[in-house]
1. Within region B:275-288, is there a residue that is within 30 Å of B:LEU32 (Cβ to Cβ), open to solvent by less than 60 Å² (accessible area, probe 1.4 Å) and more than 10 Å from chain A (Cβ to nearest Cβ)?
2. Would you confirm whether any residue within region B:78-91 is at pLDDT 95 or above, within 21 Å of A:TYR131 (Cβ to Cβ), assigned to a helix (DSSP H, G or I) and open to solvent by 50 Å² or more (accessible area, probe 1.4 Å)?
3. Within the set of pairs 6 or more residues apart or between chains, which connect a residue that is over 12 Å from A:LEU130 (Cα atoms) inside region B:273-296 to a residue that is of a type in the set (Ser, Thr, Tyr) and open to solvent by 20 Å² or more (accessible area, probe 1.4 Å) with Cβ atoms less than 7 Å apart?
4. Name the single residue that is most open to solvent (accessible area, probe 1.4 Å) among those in region B:323-340 being touching a residue at least 40 places away in the same chain (Cβ under 8 Å) and away from chain A (no Cβ under 14 Å).
5. List the number of the failed condition for A:PRO303; all other conditions in (1) free of Cβ contacts under 8 Å to residues at least 40 places away in the same chain; (2) open to solvent by 60 Å² or more (accessible area, probe 1.4 Å); (3) touching a strand residue (DSSP E or B) at 6+ places or on another chain (Cβ under 9 Å) hold.
6. Residues to consider are A:THR116, A:THR36, A:THR49, A:THR70; find the one that is within 14 Å of chain B (Cβ to nearest Cβ), touching a Pro at 6+ places or on another chain (Cβ under 6 Å) and modelled with pLDDT of 95 or more.
7. Has region B:305-325 got at least one residue that is assigned to a strand (DSSP E or B) and more than 21 Å from the chain's Cα centre (by Cα)?
8. Whether any residue in region A:132-143 is away from every other protein chain (no Cβ under 14 Å), aliphatic (A, V, I, L, M) and either out of contact with any His (no Cβ under 8 Å at 6 or more places or on another chain) or within 30 Å of A:GLU352 (Cβ to Cβ) (or both) is what I want to check.
2 protein chains.
Amino acid sequence: MDRRTFIKKGGLAAGAAVAGTGLAAPAIAQSLPKITWRCTSSFPKSLGTIYGSAEDLVKRVGEMTDGNFTIRLFAPNELVPPLNAATAAAEGTVEMAHTTSYYYLGKDPVWAIGTTLPFGLNARQQNAWLYRGNGLKLLNEFYAKQNIYCLPAGNTGAQMGGWFRREINTVADLSGLKMRIGGLGGRILEKVGVIPQQIPPTDIYTALEKGTIDAVEWVGPYDDLKLGFYKVAKYYYYPGWWDGGPSLHMMVNLDKWNELPPAYQAALTTACEAGNTDLLARYDWENPIALRELVKEGAQLRPFSQEILSACFDAATETYAEIMAGNPTFKTIYEDQMAYRREAFLWAQIAEYSFDTFMMLQQRAGKL
Amino acid sequence: MDRRTFIKKGGLAAGAAVAGTGLAAPAIAQSLPKITWRCTSSFPKSLGTIYGSAEDLVKRVGEMTDGNFTIRLFAPNELVPPLNAATAAAEGTVEMAHTTSYYYLGKDPVWAIGTTLPFGLNARQQNAWLYRGNGLKLLNEFYAKQNIYCLPAGNTGAQMGGWFRREINTVADLSGLKMRIGGLGGRILEKVGVIPQQIPPTDIYTALEKGTIDAVEWVGPYDDLKLGFYKVAKYYYYPGWWDGGPSLHMMVNLDKWNELPPAYQAALTTACEAGNTDLLARYDWENPIALRELVKEGAQLRPFSQEILSACFDAATETYAEIMAGNPTFKTIYEDQMAYRREAFLWAQIAEYSFDTFMMLQQRAGKL
């Protein structure tokens, strides 16, 4: 009987009974097994905050377990192509994938929800729904059928809308616009006239420079600065309403997860939850610096007009209705999130928003 | 030579050299010592999210260390009075305190900064400055002189401005207003005419009911609902600009911290960082529910007027100038935070604020 089976079969209950008698715990701790895992990332090392945060995460697991549970992180294509990471974890090619669930929405649109839905929750709300609401529970019931256990492990905060070669003011301006954007955001934009394009990251810059595409969405100031899009498309629109608060994940092979000693499960779970604090802090620290640099280099900041946002919001609602019609699991999880979204944005506009608004007014008045 | 000294003297470097030769790690892990700590909390169990989050935090440390590093959490006055928690940790009466640094600003105003400054940073920015900026480094240099090592371990998000028996619209309305509020918020409000009152939590309700005080600030909807202030003071003002994003802390006795094996230091550090995600998620989940209930019970939501906020902002700036004049450590840390505040609120109004604003407009239009 292995350790875990022993615990399941009542070892812990028996231990608790002994503790109840007042016997002190033995002075010498039990040893935990040496375990080495491989984690494949969907994100290139050039996405420094995301990859760096994952490096720290796995390092911490090693430190907390005194070097006994070691997770090696691999960049895309070292073991597995980037968009195959979660699949490789499910199949056991690796024990774990550092990825984001909406990369796999081709399998089933339910995969999109764990990252974020267009016009979904902001970063804090996404965590509240995942950890304290039904979010993670419902999603893990779904992922279990794919042999995966999901741990949220970071959030980028609201992203930018991306780089456009010309100004867009009205919905009419979107008509025929070729934009590099995937996922549900692309499907929604298609309803308002955009022609979504799938282009590998390595080819985006040239396509934008040559005018093969008119626009591209990427992440936000810190990551966008490095790719230099501002040199070939100067209008930098916001917000990225398809990424209002996207979560990243550690997707763990379910059998491997179940075999882990509870101490290692706790270490990995806690490291991932700390990863949420860590990645947001990295972006909130780096983005202001990068934004200054981008504006200095000539980037022109532009908010999407209310007309465009409203048309996209309605197109999103229509898209969700279409998906729900044929996908009861999506419907259940979507409606659960939407019930929270309604209340969360009501509360958010009281203390948080009024504090931020006042501080932003002081910022604009040069008083900060 | 104890284990920790061995590591410091090059044990790890020697180990790394061995690893470089390709020798596999030994199959049997080293045991770590059994350690039991006591943690005294400043927060009563009735503050369910705060106390509950700390309970989970110490439970996690136990789980991650396979039950070897156990931290027992004590409510206020079980061992130590609530506002003496950090002092007790510094003196070694307990190994650790669950508290918030600004309770101790009577010792030195620098203690206020680690929690939050009035008109300071919001919750995400506070974490960014603490973890990725110079914040925690500078503060721990200061705390080290008091024999404390500080780990941020949660944030409430922006709090409410509190409960008022009558409407206040102008600065003139603040004149002579008796408000239960402490710390720097009280000192700043005094400059605009308020008479700050110190009243123990148990006596606030009666004082407010009898009109001994005119107003009280507490936390936000979830905690305020339980204390029932809405029954005796119906105007619920926002935002609590003195608590725009306050951090809670685990304050550890520095000697005890230095004696911990690195694995336990990592476990406690990671559990505290995860505690930041956890506590915010708890509040972001619970506050919307409580807000509905408060409004149903007759609470009248009122934003502080721009006139009042501006007068308080100027009074805050004046207060910081006074403190800096006689306190170079405060000046150094304050100015470091202010440099980030300026940039952070510039960036925050781009993607994050425009996303939130649009979603709030949809909320008001009944489209969520």
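The values are calculated or read from the model by the stated rules, or taken from the named source; none is laboratory data. Predicted model only: the values in this text are computed from it and were never measured. Here the Cβ is made from the backbone with ideal geometry for all residues, glycine too, and neighbour counts use every protein chain on show. These area figures cover heavy atoms from the full protein model, side chains too; ligands, DNA and RNA do not enter into them. Shrake-Rupley method; radii C 1.70, N 1.55, O 1.52, S 1.80 Å.
1. Scanning region B:275-288 turns up at least one residue that is within 30 Å of B:LEU32 (Cβ to Cβ), open to solvent by less than 60 Å² (accessible area, probe 1.4 Å) and more than 10 Å from chain A (Cβ to nearest Cβ).
2. No: zero hits.
3. So the pair list comes out as B:TYR283/B:TYR222; B:GLU286/B:TYR222; B:ASN287/B:TYR222; B:ALA290/B:TYR222; B:LEU294/B:TYR230.
4. Restricting to residues being touching a residue at least 40 places away in the same chain (Cβ under 8 Å) and away from chain A (no Cβ under 14 Å), the top hit is B:THR332.
5. Result: A:PRO303 fails condition (1) only.
6. On the way: A:THR36 fails: touching a Pro at 6+ places or on another chain (Cβ under 6 Å); A:THR49 fails: touching a Pro at 6+ places or on another chain (Cβ under 6 Å); A:THR70 fails: touching a Pro at 6+ places or on another chain (Cβ under 6 Å).
None of the other options fit; the residue is A:THR116.
7. Within region B:305-325, none of the residues are assigned to a strand (DSSP E or B) and more than 21 Å from the chain's Cα centre (by Cα).
8. Yes.
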